[in-house]
Amino acid sequence: MGEARRARYTTVSIPVTLYERIKKLIEGTGFTSVSQFVTYVLREVVAEMEEEKLRSEGVTEEEKRQIIERLKRLGYL
């Protein structure tokens, strides 16, 4: 995979108690880590919020184009 295609990551802090709850929740699922699950959930939430923004008034055509492109990159469209 080329350098430009590699994902870049950052650290996000969550309370330890939430981390432990998620860790128990994903046991026996296809999720291999808390980070993988949190990334999945955040993608879903962000996609929903972006779709809602598209439906609201005041979204420019350029913003619509950018949101649609992001949704495509995430595999939702």
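The values are calculated or read from the model by the stated rules, or taken from the named source; none is laboratory data. Computed from a predicted model, the values in this text were never measured in an experiment. A quick note on method: Cβ atoms are made from the backbone with ideal geometry, for glycine too, and the neighbour counts reach across all protein chains shown.
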Within the range 8-55, track down each residue that is within 19 Å of residue 74 (Cβ to Cβ), of a type in the set (Lys, Arg) and surrounded by 13 or more Cβ atoms within 10 Å (Cβ to Cβ).
43, 53
Of the residues 24, 72, which is among the basic types (Lys, Arg) and more than 13 Å from the chain's Cα centre (by Cα)?
24
Inside the range 15-34, can you point out the residues that are among the polar types (S, T, N, Q) and part of a helix (DSSP H, G or I)?
17
At pLDDT below 80, assigned to a helix (DSSP H, G or I) and surrounded by 10 or more Cβ atoms within 10 Å (Cβ to Cβ) - does that describe any residue in the range 57-74?
no
